[in-house]
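Everything on this sheet refers to the single structure shown next.
The values are calculated or read from the model by the stated rules, or taken from the named source; none is laboratory data. Please read these numbers as outputs of a predicted model, since none were measured by experiment. Here Cβ is always computed from backbone atoms with ideal geometry, including for glycine, and neighbour counts include all displayed protein chains.
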């Protein structure tokens, strides 16, 4: 009987351990391509904005919430230090990681969401001009959105209408071209416009042909000081963000020069012709702007949630009931632990989407919508938990958590409701036109 061939010796446990140590040691000397550590510039900007939020914004928050007026003096202070203006926004956006803009928004809205929106509300109109405008239009109109440190201006993005909110395809504001005067004539009503009527520059979404739905939309620059036929309608009395101006905007035979359509009339004519021929259009004026802004909006919600969590944590460590600090009760401690966890989880989604957007990675699974949906839900939930931890005190206007709860709710609604965000995500992951 022949002997069977001898088997190869098996590695011992010590051999495997030694190999693992060598692999780990070798990896430690390789260049690391992934890190969540912020750069020194990002940390410096974060601390700078946080200082402004803590020293200037937060002390004034209650006053301007009660007034329900635009805090022009604080916008001017932000402009003087470079926080409000084209150069500042360009610096934040230029970060190749995409993280600086959400970091700035989180810190500013940690100070106060109403004042934060008054400072950052202009950015939505700027995003539309930057994303869809020609180089000449960008150079002409974006600086005008901000004005100067001595004469600050704001801008407004006008997309929603009384019967066209979540249903962007339902926009009925109509734009027609007058060949005789080489002008666009715009008619319609816009609703829920941040800075509507008080802005120097309005970016208005209108349709050239309602039958084309959102594919027939275009964005027009309408300067308040020059265009005739544009006026402010009713100012909205809101549940939250009360220091931010929101109003209807009316366009009644409003005329603007041919060159005021973003991207130029020639490109618009070509795009509309392709759509009418049944060809695909890659540009939808309103949705293009919203998709790029969703992670930033998520960062704003994060700032509110974090403010509520930090305040509730400090309160729970100081407040005594039944002879001990209330944080010593598991129900309170566990709630705070979950608040912290949810806020950090939402931030990671916001940062991922911001990085993807800046790096031009396709949102294959609607990662922008994920970030906004999660952060909005966390803000509403965390501020409600903060009120509960403060008890009766949390329900009064003597404590800021009541205001933060009011401010948070809009993040479940504007720039795409929670339901719309879920629809966008569901369509993305399924590849189906879910309704």
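Identify, from the list 345, 353, the residue that is more than 17 Å from residue 405 (Cα to Cα), out of contact with any helix residue (DSSP H, G or I) (no Cβ under 6 Å at 6 or more places or on another chain), in a helix (DSSP H, G or I) and touching a residue at least 24 places away in the same chain (Cβ under 8 Å).
Exactly one residue qualifies, and that residue is 345.
Answer yes if at least one residue in the range 263-286 is in contact with a helix residue (DSSP H, G or I) (Cβ under 8 Å, 6 or more places away or on another chain), surrounded by 22 or more Cβ atoms within 10 Å (Cβ to Cβ) and modelled with pLDDT under 90, and no otherwise.
yes
In the range 405-420, how many residues are in a helix (DSSP H, G or I) and free of Cβ contacts under 8 Å to residues at least 60 places away in the same chain?
2
Which of the residues that make up the range 366-377 are under 17 Å from residue 419 (Cβ atoms) and part of a helix (DSSP H, G or I)?
368, 369, 370, 371, 372, 373, 374, 375, 376, 377
Quick grid of which residues meet (1) part of a helix (DSSP H, G or I); (2) in the same structural domain as residue 372 (by TED's automatic domain parsing); (3) more than 26 Å from the chain's Cα centre (by Cα); (4) crowded, with 19+ Cβ neighbours inside 10 Å:
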| site | (1), (2), (3), (4) |
| --- | --- |
| 388 | yes, yes, yes, no |
| 391 | yes, yes, yes, no |
| 394 | yes, yes, yes, yes |
| 397 | no, yes, yes, no |
| 403 | yes, yes, no, yes |
| 423 | yes, yes, no, no |
